[in-house]
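Following: one structure in structure tokens, then a few remarks.
None of the figures in this text is laboratory data; all of them are computed from the coordinates on show. Being a predicted model, the structure only gives us computed values, none of them experimental. We place every Cβ from the backbone using ideal geometry, glycine too, and count neighbours over all the protein chains shown.
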Amino acid sequence: MRFIERQALLEKKTYEAIDELEDIFSVEIPSYPEVRWLGSKGHFEDLGLPEYYRDVVENNRDIHGSLFLYKPGVIILNMASIHHINEEASHYTHMFVSKIVPENRSHEDLLALNCLIEMFGFLGSKILNSCRVNEYRNFPDYFAIGLTHGLGFEKFVDLLNDITGGDVSERIIHSQGWGLGERVFYALHTGQIKMDYVQELFRKNLFRNGEATSAFKELRERVWPVK
């Protein structure tokens with residue numbers, strides 16, 4: 001498929017996903033984001049983005065990940081996958097509605113906030129296509145491990161970063177977010193939690209420092225309690 005044709009198709013599929021997510025989460029989205037197909041052959045320069053976005057775009061492409069950039073409001077697709085489309089459409093819808101900003105938060109609250117953001121990205125894609133698989137299902141539950149060892153989630157993640165000499169936060173955030181999203185999906189189907197509760201959390205700004213931490217822990221307790 002030629003580049004222009006693929007770009008148009010992926011843009012159409014992304015906007016259709018956003019339309020469905022509006023109904024699912026009972027929100028209104030008056031405008032669509034810019035959708036750019038990058039793939040394996042495209043160049044960062046073709047995106048017309050500031051240079052400081054280069055590393056995050058290239059790093060995501062290296063792991064075949066797509067992404068939504070909040071500030072310029074751009075979805076960048078590195079794979080022509082319905083799961084990538086649905087997840088980034090969910091991220092856009094969530095961030096547009098909640099208007100969440102990461103600034104002026106403690107490290108603990110930022111960690112919890114990012115887990116919730118990834119949770120909604122996965123949950124939205126799972127609701128749109130129930131075949132979506134949680135690729136982190138066998139990943140250790142570092143939230144539970146941190147509590148068990150008396151360190152707490154934030155300090156345990158910092159300890160792992162020190163031990164490995166690198167930043168493992170991204171993988172842990174995804175494993176927690178996707179694991180939580182998968183459990184929320186099934187909890188909705190069994191009636192363990194109600195959709196209006198999830199919709200309210202979807203719309204929350206979580207502006208005050210500590211709000212994201214409280215929301216994350218409450219949701220964990222509801223659908224993924226530490227045993």
Practice problem: Return the subset of Lys41/Lys204; Lys41/Lys99; Lys99/Lys227; Lys71/Lys227; Lys155/Lys204 for which the Cα-Cα distance in this structure is over 28 Å, preserving the input order. | Solution: Lys41/Lys204; Lys41/Lys99; Lys99/Lys227; Lys71/Lys227
Quiz item: Which whole-percent values make up P(r) of the stretch 44-117 when all C-alpha to C-alpha distances are grouped in 10 Å steps starting at zero?
Solution: 17, 45, 35, 3
Practice problem: Grab the Cα-Cα distance for Val27 and His43, subtract it from 0.36 nm times how many residues apart they are, and report the gain in nm with one decimal. | Solution: 2.3 nm
Exercise. Translational diffusion coefficient, Stokes-Einstein: compute it for the stretch 3-98 using the Kirkwood radius over C-alpha pairs as Rh, at 37 °C and 0.692 mPa s, and state it as an integer in µm² s⁻¹.
Key: 243 µm²/s
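Hey, what did the chain get for relative contact order, percent, Cα under 8 Å, at least 6 apart? Spell out each step's value before the answer.
Details: 264 pairs, mean separation 47.9, N = 227.
The value is 21 percent.
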Quiz prompt | Spatial extent of the stretch 107-223: Rg and Dmax, with the Cα atoms as the point set, Å | solution = 14.1, 43
Quiz prompt | Mean separation of Cα contacts under 8 Å (6+ apart) over length of the stretch 107-223, as relative contact order % | solution = 41 percent
Quiz item: Taking the Cα-to-Cβ direction at Glu20 and at His64 and moving 7 Å from each Cα, how far apart do the two end points lie in nm?
Solution: 2.2 nm
Quiz item: Could the peptides 110-123, 8-21 be put in order, highest first, of the mean number of other beta-carbon atoms found within 10 Å of their residues?
Solution: 110-123, 8-21
Quiz item: Can you work out the FRET efficiency for the pair Ile145 and Asp196, with r the C-beta to C-beta distance and R0 = 35 Å, to the nearest 0.05?
Solution: 0.60
Self-check item: Cα-based helix-to-principal-axis angle, 82-98 vs the chain, degrees rounded to 10
Solution: 70 degrees
Quiz item: Over the C-alpha atoms of the chain, what are the Rg and the largest Cα-to-Cα span, Dmax, in Å?
Solution: 17.5, 55
